[in-house]
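What follows is one structure encoded as structure tokens, with my remarks underneath.
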Amino acid sequence: MALSTLPLVGGVHHMSIKPPRRKALELRKEPVTPLLVTNSCPETIWPGISTQSGEGPKENGFALESGKTYNQTVSEDWQGRIWGRTNCSFNDAGTKAKSGSGRACQSGDCNGILNCVVGGDVPVSLAEFTLDAGDGHTYYDISLVDGYNIPMAIVLQPLQNASLDDIPPNLTNPSCQGTVGLLREKGYDPYSSGYDTFLGTNKSYPLPFEQEVDDKQVSRWCPWDLQQNPPDKPGDGVYPYPDDNIERPAFDPCFSACAKNNQPEDCCTGKYNSPSACSPSEYSKNVKKVCPDAYSYAFDDQTSTFIIPSGAGFEVVFCPGARSTNILATESEKLHQLTENGHVDKNSQAKMSMERIRDTVLRRSAGARSVRLDPTALVVTLLATAGVLALATHHLSEGWTFKQADDAAEDAWLAVARVPTNVHLDLIHHEKIPDPFLGFNELKAEWVADKTWTYKVLLPDVLPPQEGAVTVLAFDGLDTFATVRLNGQVILESDNMFVPHRIHVTKQLKPGSDNVLEIDFASARLRAIEIREAHPEHTWVGFNGDMSRLAVRKAQYHWGWDWGPILNTCGPWRAVRLETYQSRISDLRIDYRLEESLESVKGTIAAKVEGPSGDVVGFEVHSGDGLVFKESAKVSDGVAKVEFHVNDPQLWYPHGYGDQPLYKVTATVSADGVDLHHSARRTGFRRGELVQEPDRIGKTFFFRVNGVDVFCGGSDWIPADSFTPRVTEEKYRKWLEMMVDGYQVMIRIWGGGIWEEDVFYDLCDELGVLVWQDFMFGCGNYPAFPEILESIRSECHANVARLRHHPSVIIYAGNNEDYQVQESFGLTYDYEDKKPENWLKTNFPARYIYEKLLPEVVEAESPHVAYHPGSPWGDGLKTSNNKVGDMHQWNVWHGTQEKYQIFDTLGGRFNSEFGMEAFPHIDTIKYYCTDASQLYPQSHMIDFHNKADGHERRIATYLVENFRTQTDLEAFIHLTQLSQAEALMFGYRGWRRQWGEERHCGGALVWQLNDCWPVTSWSIVDYFLRKKPAYYAMRRVLAPIAVAVKRAHHDWSVVHARVPAKSDFDVWVASSQPVIMKATVEVRFISVSTGREIKEKVVKRDIQITANGTTDVMCGWIDNVKEEPHVLAARIWVEGKLVARDVDWPQPLKYLDLEDRGVQVEHKGQDEMVVKADKPTKGLVFEERTGVLVHDSAIDVMPGDEQVIKVRGLAADDAPLKWTYLGRS
């Protein structure tokens, strides 16, 4: 066994060798090579194994409980890696994360599946093996080149091999212990502490341990900026050099400098690709202190690689205990003997001269991005049997570089942190542009959109093609005008960011040579202008942004919107992969029909198969752990299909109306009994209907699921970032869980954004959120010349097919407000003309898209989902018609600027847009407002972060009408947020009442849930997920049971502020519950000025609350002449539990003196606050502190009715949450 302490200039690391196939070793007495994995950690881990060459083990990923060992075998020439995964949660089949998509493990994840087919995500500790390099030697090491997650050791298994008998075990078994809490004290001796043997050694041949590092050093060795989970607020705030006294987590995975920074000087690439030019980083130096025997950076082979004669088996031990070994530095003499003789003279003390290890043992940096063997990017070829090749995938996520295409400078190429990406993210990373979200920096980034940008990556080595196998480059999304070259040859020209591409490159790849993939991204802004100018026959009109955007199939909000910046991106915005296979399942489709009784589901499962090898497809349907259907079918004309039947299916419902059981449907294509490719879809069985039936008003518009009518209160959704590649699954989950917690049932994916990521729809399925999916057209008169029609057709077929298995998707709508553009600009629309060819000849040719092309796509790809030509739209009538179809009600804020108190009278059959602007929270404003002198309500910088036309006048109108003027910024923010909360409350409360009036209103979706950057907009939650008061106001009126009280509106503005002699009022209850319930309702009449009840309260007991509807409880009138101004305070109890409140206030609020309310907020431990008031208190809001959640805010507090607010995330020593209310000084 020998350490490579020799100068290996010009070589490569042993894992870059492609070992020759060899006959069985003559000295071997065992026919196969054992590969054991032992878990000595205190918790279960999930080992992962990747095979680079040779025959790997049967299982490449499995759960391993604490104290257990799993024994497998590999071929004698196996080359591969082993790592540990932690904190994993898989679905029952182990094919996805339990959440449905994304990572399944906190560290070491391999694409979310249990049985790995790719390497583990960095950071991860690796055991690397080349069992036979072709020179009679085995090479192995513990590698921390790409980071560290858990301790590990390697223990040699001699296997009665004569050539290994004379090697002392304390020379072969390295260990790395870099986790706090698992390190034993200095001087620890396992052999005198109860261990006869430890890691295959004994007291006769004890392991030499490192003896300098203590537990504190182990807890601090990872540089702050390389931690996988660095603190949100590190020390003095000068990241990455914080106060080192901040406590770190016990489990603290650490990136290497190369894995995190991807810079040439860290990865030893480019001009740094030599030992003299590339020095060890702080990370590498720290690794060598903590784990002296570990491989720490690219040119560290000389002090980290173990070499022994071939023929051994190995055991990898996780959390081996004791301390890190220091074999390579302390036992150099004996190691030199091994290098020279292949064995150790146990009595000899002579120093042996060292010889250069054979030049055939080459080394190239394992961290080098140009030939990177990163675990996340490793191609694993699975040879099932001779001649049969299973699908192998290489995720091209790392190793990319980019530059401005016309920049010929030597240092023009810059590293790309990770793909998917876009050019703005990469320029920000390299500080070539400032963060466009701050100050006026949006303007400083405009130039980026007018340049061509080039991205490049070196593909992994490929073998000569096997008979019948193909290699494909798969692009899930290229933004937007992309020219793709492989080895200088153009293989793809793309002009639609929403179209995925698969390009066969088998013949273009050069085995044994460098294969370079290069993509040029031209300026979409300039190309759009060229296309527009080439088509003067078209009428280029619309709302928002430059109308040349209509010529390009790209996210329209990239041209700027009335809530978003102009940031026109480009780049590989979705995943890029290299795939090799003989057969693959290209599409898995489930079509089904529920019986009228809902007691049985029948349908077909069809798999499209590419490639000639696959001859049989096996289908299975699982419900949880149970197999409910299994069948197979032969492949015929590229398709295998079976019929299925499930009795008593578990039905999928939107949340609040039932459960969300999901069935897993799998298809596996095989040849000669060998599985070649596996595909799976998670779906739910449900009958979804858009009910449009004539009634006394006009025509209904509401949704019915499994026979249950659903009032769709919810939100409109825009992309969650101007730079969508950085939106994580965690962030998507937070947004959607926030909706569910707010009793919102539907989300509308707006047509000016993107076809969302798979994880978005997976989460909607899991959480029970109905999806209204717009096609990607927004606010314009889109052209319909042949080329763009073909592009649209490809885009929509691809995306509807991608989404069709999601039970959450309930409706497709053709566009956003394009019919309103037709109306506004007088474009031709003759609804009675039903000949599509005529539509193309008008100045509104997009009708062909919405009423011909798109409904045909939906019928072909997803016939179980309703199609609606546009939003808003109703039977070809005016889009403002409130008797049919859906409508966008913008006469509050826009249009005639009606008072928000009458919002409910302005709605239609389904209100798919409405809203009111509000400022974000003060912390959000302080984030983007980089000049403290600009922190006042009408400042230039704050106005720059409000893109709405005329926002100053509109905000001022609603504030002046309703509230006393405030000029202090935080007070002004509070007023805009209360204005929004009040407006949305009046709308939702009234429209939900109309739901119970013969389904007069089928739902309401607020514009908008979210923001794509820090901005003043109509969102109810800002970019940083800080809830505005409107979120809580909506939550209360959308609750399963909500009580409501409202006095008749009296427009004070048009009667010169005269007060009516009397005002009528109504009290009602809305319920989404499926059964009739009994309730008690109370109404109190409380003086605004004194807090006393001015007359006897009214209590109604044992009221029958209508199921899934509304119940009128009482009505009355207020004597405004004799009675002082007072509130009407309603409460409702069900089964003795107070479940809801509502308060009606005299309007406008500006006429009321709301100071000195006698408010008390008392903290009860860390989890509750009790709120009391002596007088009626309006809009009491709590601070939205990062990491702290309150279940309610923006509340009205009445005397004698204390409210308990639940709090989560507030530590015992944290300061209490700040709060304020309307009128507080």
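Each reported figure results from applying straightforward, stated rules to the coordinates on display, with no laboratory input. The structure presented is a predicted model; accordingly, all values stated were derived computationally and were not measured. FYI the Cβ positions are ideal-geometry reconstructions off the backbone, even for glycines, and counts take in every protein chain you see.
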Solitary cysteines of the chain, where the nearest other Cys Cβ is not under 4.7 Å: Cys570, Cys712, Cys764, Cys779, Cys796, Cys929, Cys1001, Cys1012, Cys1115
What number in nm² do you get for region 1094-1181 if you take the convex hull of its Cα atoms and divide its surface by four? 8.7
With Val470 itself left out, Lys, Arg at +1 and Asp, Glu at -1 over residues whose Cβ is under 12 Å from its Cβ give 0
Hey, if you put +1 on the Cβ of every Lys and Arg and -1 on every Asp and Glu Cβ in region 1040-1151, which of Ala1107, Trp1133, Val1069 ends up farthest toward the positive end of that dipole? Trp1133
Beyond 13 Å, what percent of the Cα pairs of region 664-708 remain? 71
Quick check: net charge around Pro937, other residues with Cβ under 11 Å of its Cβ, Lys/Arg +1 and Asp/Glu -1? -4
If Trp563, Trp750 are placed from fewest to most neighbouring beta carbons inside 10 Å, the sequence is Trp563, Trp750
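Relative contact order, percent, of the chain when contacts are C-alpha pairs under 8 Å separated by at least 6 residues?
Reported relative contact order: 7 percent.
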Ranked packing of 933-941, 550-558, 660-668, 1165-1173, most packed first, by mean Cβ within 10 Å: 550-558, 660-668, 1165-1173, 933-941
Region 381-577: relative contact order as a whole-number percent, Cα under 8 Å and 6+ apart: 26
Straight-line reach from Lys507: which lysines have Cα under 21 Å away, leaving out those fewer than 8 places along the same chain? Lys456
Which of the aspartates and glutamates could a cross-linker bridge to Lys1078, judged by Cα under 13 Å and excluding same-chain residues fewer than eight apart? Asp1102, Glu1135
Extension reserve of the Lys883-Trp1117 stretch, reckoned as 0.36 nm per residue once the Cα distance is removed: 81.2 nm
Normalised by the number of residues in region 1040-1151, what is the relative contact order in percent for Cα pairs under 8 Å and 6+ residues apart? 33
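What is the Å³ per residue value for the convex hull set by the Cα atoms of region 767-914?
Normalising the Cα hull of region 767-914 by residue number yields 121 Å³.
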Charge dipole magnitude, Cβ of K and R +1, D and E -1 - the chain, Cα centre, debye nearest 20: 1120
For the chain, what does the helix formula give at 222 nm: sum of -39500 (n - 2.57) over DSSP H segments with n ≥ 4, over the residue count, nearest 500 deg cm²/dmol? -4000 deg cm²/dmol
With r as the distance between the Cβ atoms of Val32 and Leu598 and R0 = 56 Å, compute the FRET efficiency 1/(1 + (r/R0)^6) and round to 0.05. 0.55
Gap in Å between the Cα centre of region 928-993 and the Cα centre of region 281-300? 55
Using the charge dipole of region 687-1038 (Lys, Arg: +1 at Cβ; Asp, Glu: -1 at Cβ; taken about the Cα centre), state which of Ala932, Pro869, Ser880 has its Cα farthest towards the positive end. Ser880
Normalised radius of gyration for region 1040-1151, please: alpha carbon Rg relative to 2.2 N^0.38 Å, two decimal places. 1.15
On the principal axes of its Cα set, how long, how wide and how thick is region 39-165? Give whole Å, largest value first. 50, 29, 27
With helices defined as uninterrupted DSSP H runs, which ones in the chain have an alpha carbon span along their own long axis of at least 24 Å and mean Kyte-Doolittle hydropathy of at least 0.0? none
Going by average Cβ neighbours within 10 Å, how do the peptides 801-813, 1207-1219, 768-780, 394-406 rank, with the highest at the top? 768-780, 801-813, 394-406, 1207-1219
Segment Lys68-Lys699, length gained on full extension (0.36 nm per residue, minus Cα span): 220.6 nm
Expressed in nm², what is the orientationally averaged projection area of the convex hull enclosing the Cα positions of region 629-753? 13.0
Among [x] 207; [y] 187; [z] 599, only one was calculated for this model; which label is it, if the read-out is volume of the Cα convex hull per residue in Å³? [y]
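Compute the signed sum of charges (Lys and Arg +1, Asp and Glu -1) over the other residues within less than 10 Å, Cβ to Cβ, of Leu171.
0
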Links exceeding 23 Å between C-alpha atoms in this model, out of Lys1164/Lys1218; Lys1028/Lys1150; Lys899/Lys1206; Lys451/Lys554; Lys734/Lys947, come to Lys899/Lys1206; Lys734/Lys947
Viscosity 1.306 mPa s, temperature 10 °C: what is the translational diffusion coefficient of region 585-683 from Stokes-Einstein with a Kirkwood Rh over Cα pairs, rounded to a whole number of µm²/s? 112
tail above 24 Å in the computed P(r) of region 526-626, as % of all Cα-Cα pairs, reads 60
Rounded to two decimals, what is Rg over Rh for region 1172-1225 when you use alpha-carbon atoms and the Kirkwood radius? 0.99
Burial-style ranking of 972-982, 212-222, average other-beta-carbon count within 10 Å with highest first, yields 972-982, 212-222
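Rounded to the nearest angstrom and ordered from largest down, what semi-axes does the equivalent ellipsoid of region 180-235 get from its C-alpha gyration tensor (root of 5λ)?
Three semi-axes, in Å: 33, 10, 9.
How much of the DSSP bridge set in the chain is antiparallel, in percent, rounded to the nearest 5?
Looking only at bridges with both residues in the chain, the antiparallel portion is about 85 percent.
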In nanometres, the difference between 0.36 nm per residue of separation and the alpha-carbon distance of Arg577 and Asp215 is 126.1 nm
Label-point gap, in nm, between Asp1051 and Thr930 - each point 7 angstrom along Cα→Cβ: 4.7
